[in-house]
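**Student:** Let me begin by handing over the structure; questions about it come next.
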Amino acid sequence: MQRSNVDITNLQIGFGGLKVLENLNLHVDASEFLVLLGPSGCGKSTLLNAIAGLIDVKGGEIRIGDRDVTWAEPKDRGIAMVFQSYALYPRMSVRKNLSFGLKVARTPQDEIDSRVGEAAKMLRLTELLDRRPSELSGGQRQRVAIGRALVRHAGVYLFDEPLSNLDAQLRAELRVEIKRLHARLGATMIYVTHDQIEALTLADRIAVMQGGVIQQLDTPKKIYREPANRFVASFVGSPAMNFIRGRIARDGGLAFIAGDARFDLNGYAFRTPPSDAPAVLGIRPEHIEVIGSDHPSAVPARVEMVEPMGADALIWCRLADGTAFSFRSDADAQARAGDTLALRFPAEAFSLFDDQSGQRL
Amino acid sequence: MSATALSSGRPRRISPARWGLYAFILITALYFLLPLYVMIVTSLKPMAEIRQGNLLALPASPSLAAWVKAWTSACTGLTCEGIRIGFFNSLRILVPSVVISILVGSLTGYALSLWRVRGANILFGAMMVVAFIPYQVFIYPLVRVFSFTGLGQSLATIVTIHTIFGLPTMTLLFRNYFTSLPVELFKAARIDGAGFYQIYARIMMPMATPMIVVAVILQTTGIWNDFILGLVFAGRDNLPMTVQLNNIVNSTQGERAYNVDMAATLLTALLPLVVYFGSGRWFVRGIAAGAVKG
Ligand SMILES: Nc1ncnc2c1ncn2[C@@H]1O[C@H](COP(=O)(O)OP(=O)(O)O)[C@@H](O)[C@H]1O
Ligand SMILES: [Mg+2]
């Protein structure tokens, strides 16, 4: 099986007057699992369809396996694709669904049989081969759709929200299955989703998109820990990152000031030299902890609500200036609504953003 | 489960409004059934009995003589070989016209819905506008066109005519159906490497069974009931059943044979009736089930 890299340069796509993608650049390594993550309508499917050759591009270049395929037919690009709606051929059996593409390409019958058998075994479809799609469950249908992609022995596999139509449990199961498939085949995969959990669990690298622009392209860890801007910070992570408005002050040691609260910035890795300016402090709920009230950097907050979440609890608080935020604490925390807590906000876990541009500082 | 759902419903009382509705339905049914009844009984009576003028009476001794005459020996102009000639003419016009018009219409509907044909919407709009122009307007120009091409009046001409006049409806029907299908199905087939005709024949048409049934019904009744186009374009040897029927009913030699006229009319109406009653169960729903989440 060949594993192709994908190179997209200055890609432009529009529908009529609407510009969906403008000068988009993206490089995907061979064998990489790249996830395109973003809210619905941001152009993820458009990008994937362009790679597949299903829509015309206005400008730019798409290379797959170092071959310029910008104007090539979908079938000549060495790609396979899995759709959210499964898109199985309803009047064909599972076997015929899997073999249709190979038949069209006039593959010899014994080769078809061996590829279909192999894919069916890998996806546990062997007993279902003679059924119609209407006789399958949602999870089975999506496995057939994945199988139909696998038999193509493509250089790049494209997935457009393949799990979005499934219920939570099946989604988790199939997610693992896809990850296993990638580990086993080492194939290049480009996977579109709006579900950040899927992105974080599956990806080698995530491209977070908004408004047709890639906001950040990085490993899941980096995306989660060092979001490049406020959009990425708020889109990735659940429960969501807290944001506190204030300003950076350099008098008496570097600190972030929000009303009466003072957050020590010692240990924060600034990208640009800090200056006294309005800013937004971001911190994830799991990084805030309760400490003794006599601690020099303790910040007081009033508990508003406790949300038990099974393994732990989410505690909703307000700072003196009224800013609401939440933090994670163990499930048998004693906090009650109305209590005042002393909290530690560790500077290493901060993400500071420019108040105007929203870019990471 | 559905049984319990039904029986657990509130006991239904029939309101006055409902009585009114039933009465209306009953009267409407009578209005349409009464002429049919009269036609059937008349066709089974000998002329002597008809002359007594008892329109609604059942035949004293029902006989199929008028039906046999209508089928085999009624005069349809100069020849007296019954309406069967017209029946077989109509059949010869019908079968190729229905098949070809559905083939062409589904193909254009498919092209206009799924492929990015340049100016598809304009083409489609133009077709719809033309569909609303009374077709009498086109008859004379078309006669000129066909005499110019040398086809003149012939079976090929009338089949072509029916195909052309069926095109807007057939295109609309199939275009709307194919547009309603999930577009991913088409994309998947493209990635699988299937071309224009392969996707049409192997993916789309097998899914379009309900539409094909509708199209067959529409075209069959439309073409079978056609009079003017058949009269103008079919040529003397291919006159359809409707034209022959007209000849039988309107031939004015001697006494009007009401029983034969009725039998001939019923014979002419038979095929559309059979199509309506026979095809109902083929209106299968949910052929596309399984293609999308379901
Ligand atoms: N065929 C189309 N015609 C017109 N606009 C489209 C078409 N496809 C997508 N769009 C528009 O392009 C934008 C991006 O769509 P899409 O790529 O499907 O988003 P996503 O997959 O991220 O949800 C949306 O604003 C959408 O309305
Ligand atoms: Mg999408």
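**Student:** So, R0 is 45 Å and r is the distance between the beta-carbons of A:T272 and A:A72; what FRET efficiency does that work out to, to 0.05?
**Tutor:** FRET efficiency, A:T272 to A:A72: 0.55.
**Student:** Which is farthest toward the positive dipole end of the range A:227-350 among A:C317, A:A269, A:A349, measuring Cα position about the Cα centre, with Cβ charges +1 (Lys, Arg) and -1 (Asp, Glu)?
**Tutor:** Of the listed residues, the answer is A:A269.
**Student:** How big is the dipole moment of the range A:6-235 about its Cα centre under a simple scheme where the beta carbon of each Lys and Arg is +1, that of each Asp and Glu is -1, and everything else is neutral? Debye, nearest 20, please.
**Tutor:** Charge dipole, the range A:6-235, about its Cα centre: 460 debye, nearest 20.
**Student:** Just grab the label-to-label distance for A:T107 and B:Y197, each label 7 Å out from Cα along the Cβ direction, in nm (one decimal).
**Tutor:** Here the answer is 2.4 nm between the modelled labels.
**Student:** So what's the angle, to the nearest 10 degrees on a 0 to 90 scale, between helix B:136-149 and the longest Cα principal axis of chain B?
**Tutor:** Computed tilt is about 80 degrees.
**Student:** Only protein chains counted, 1.4 angstrom probe. Which residues of the range A:52-75 are at least 40 Å² less accessible in the assembly than when their chain is isolated?
**Tutor:** Checking the loss per residue gives A:L54, A:K75.
**Student:** Report the local net charge at A:S329: Lys and Arg +1, Asp and Glu -1, summed over other residues whose C-beta lies under 13 Å from its C-beta.
**Tutor:** That works out to -4.
**Student:** Now, a different point. Give me the dipole magnitude in Debye, nearest 20, for the protein assembly as shown about the Cα centre, with unit charges on the beta carbon: positive for Lys and Arg, negative for Asp and Glu.
**Tutor:** That gives the protein assembly as shown a dipole magnitude of about 2060 debye.
**Student:** Given H placed on each backbone N at 1.01 Å, which residues far from A:E289 in sequence or on other chains put an amide H within less than 5 Å of it?
**Tutor:** Residues meeting the criterion, in which the H sits 1.01 Å from N, are A:R344.
**Student:** Taking the range A:1-94, which chymotrypsin sites (Phe, Trp or Tyr not before Pro) meet the DSSP loop condition and have no more than 13 other C-beta atoms within 10 Å?
**Tutor:** Answer by residue number: A:W71.
**Student:** Express in Å², to the nearest 10, the accessible area of A:K103 obtained by rolling a 1.4 Å probe over the protein heavy atoms while all chains stay in place.
**Tutor:** The accessible area comes out at roughly 90 Å².
**Student:** Additional query: Using the Cα centre of the range A:242-354 as the reference point, and only Cβ charges (+1 on K/R, -1 on D/E), how large is the resulting charge dipole? Debye, rounded to the nearest 20.
**Tutor:** 300 debye
**Student:** Straight-line reach only, C-alpha to C-alpha below 17 angstrom: list the lysines that B:K69 could link to, leaving out same-chain residues fewer than 8 apart.
**Tutor:** B:K45
**Student:** With r defined as the distance between the Cβ atoms of B:L55 and B:T149 and R0 fixed at 60 Å, what FRET efficiency is calculated, to the nearest 0.05?
**Tutor:** 0.75
**Student:** Arrange the residues A:S297, A:S351 by how much accessible surface each exposes, largest first, with a 1.4 angstrom probe.
**Tutor:** Final ranking, largest accessible area leading: A:S297, A:S351.
**Student:** Put +1 on the Cβ of each Lys and Arg and -1 on the Cβ of each Asp and Glu in chain A; which of A:S4, A:G17, A:A333 then has its Cα farthest toward the positive end of the dipole?
**Tutor:** Towards the positive end, the residue furthest out is A:S4.
**Student:** Could you state the angle between the C-alpha long axis of helix A:168-185 and the longest principal axis of the C-alpha atoms of chain A, as a value from 0 to 90 degrees rounded to the nearest 10?
**Tutor:** It works out to around 70 degrees.
**Student:** Whole-Hz Karplus ³J(HN,Hα) for the range B:166-171, in order, using 6.51 cos²θ - 1.76 cosθ + 1.60 and θ = phi - 60°, x for Gly and Pro?
**Tutor:** Values per residue, Gly and Pro as x: x, 4, x, 4, 5, 4 Hz.
**Student:** Convert each backbone phi in the range B:266-272 into a coupling constant with the Karplus relation 6.51 cos²θ - 1.76 cosθ + 1.60 (shift: θ = phi - 60°), then list the ³J(HN,Hα) values in order as whole Hz, x for Gly and Pro.
**Tutor:** 4, 4, 5, 7, 4, 5, x
**Student:** Something else: If one computes the Cα centroid of the range A:309-327 and of the range A:131-181, what distance in Å separates the two points?
**Tutor:** Centre-to-centre distance over Cα atoms comes out at 38 Å.
**Student:** Measure up A:K44/A:K103; A:K44/A:K179; A:K44/A:K222; A:K103/B:K187; A:K44/A:K121; A:K75/A:K222 against 24 Å on the Cα-Cα distance and list the ones that go over.
**Tutor:** Correct reply: A:K44/A:K103; A:K44/A:K121; A:K75/A:K222.
**Student:** Another one. What spacing in nm lies between the two simple spin-label points modelled at B:T209 and A:A240, each 7 Å away from Cα in the Cβ direction?
**Tutor:** For the pair B:T209/A:A240, the computed spacing is 4.9 nm.
**Student:** Can you give the % of DSSP beta bridges in the range A:6-235 that are antiparallel, to the nearest 5?
**Tutor:** 50 percent
**Student:** Hey, another quick one. Over the range B:84-291, one equal point on each Cα, no solvent: what is log10 I(q)/I(0) by the Debye formula at q = 0.17 Å⁻¹?
**Tutor:** The computed values of log10 I(q)/I(0) come out as -1.19.
**Student:** Quickly work out the B:S15-to-A:L185 label distance, labels modelled 7 Å from Cα along the C-beta direction, and quote it in nm with one decimal.
**Tutor:** 6.0 nm
**Student:** For the pair A:R302 and B:R116, what calculated FRET efficiency results from E = 1/(1 + (r/R0)^6), where r is the Cβ-Cβ distance and R0 = 56 Å, to the nearest 0.05?
**Tutor:** Between B:R116 and A:R302 the formula returns 0.40.
**Student:** What residue among B:A188, A:P296, A:S134 has its Cα farthest toward the positive end of the dipole of the protein assembly as shown, where the charges are +1 on Lys, Arg and -1 on Asp, Glu, each on the Cβ?
**Tutor:** A:S134
**Student:** Express in nm, to one decimal, how much length is gained between A:E135 and A:D204 on full extension, taking 0.36 nm for each residue of separation and deducting their alpha carbon distance.
**Tutor:** Between A:E135 and A:D204, full extension yields 21.3 nm more.
**Student:** Right, another one. Where both partners of a DSSP beta bridge lie in the protein assembly as shown, what percent of those bridges are antiparallel, to the nearest 5?
**Tutor:** 75 percent
**Student:** Related question: Report ³J(HN,Hα) in whole Hz for each residue of the range A:344-360, in order, from the Karplus equation J = 6.51 cos²θ - 1.76 cosθ + 1.60 where θ = phi - 60°; Gly and Pro get x.
**Tutor:** Listing the rounded values in order: 10, 10, x, 5, 4, 8, 6, 10, 9, 10, 5, 5, 7, 7, x, 7, 5 Hz.
**Student:** Expressed as a whole number of Å, what is the distance separating the alpha-carbon centroids of the range A:68-126 and the range B:91-136?
**Tutor:** Distance between centres, Cα-based: 33 Å.
**Student:** Go through B:W224, B:W115 and list them by solvent-accessible area, largest first, probe radius 1.4 Å.
**Tutor:** B:W115, B:W224
The values are calculated or read from the model by the stated rules, or taken from the named source; none is laboratory data. These numbers come from a predicted model, not from an experiment. Cβ atoms come from the backbone with ideal geometry, glycine included; neighbour counts cover every protein chain shown. Ligands, DNA and RNA are excluded from the accessible area calculation, which covers all protein heavy atoms including side chains. Shrake-Rupley method; radii C 1.70, N 1.55, O 1.52, S 1.80 Å.
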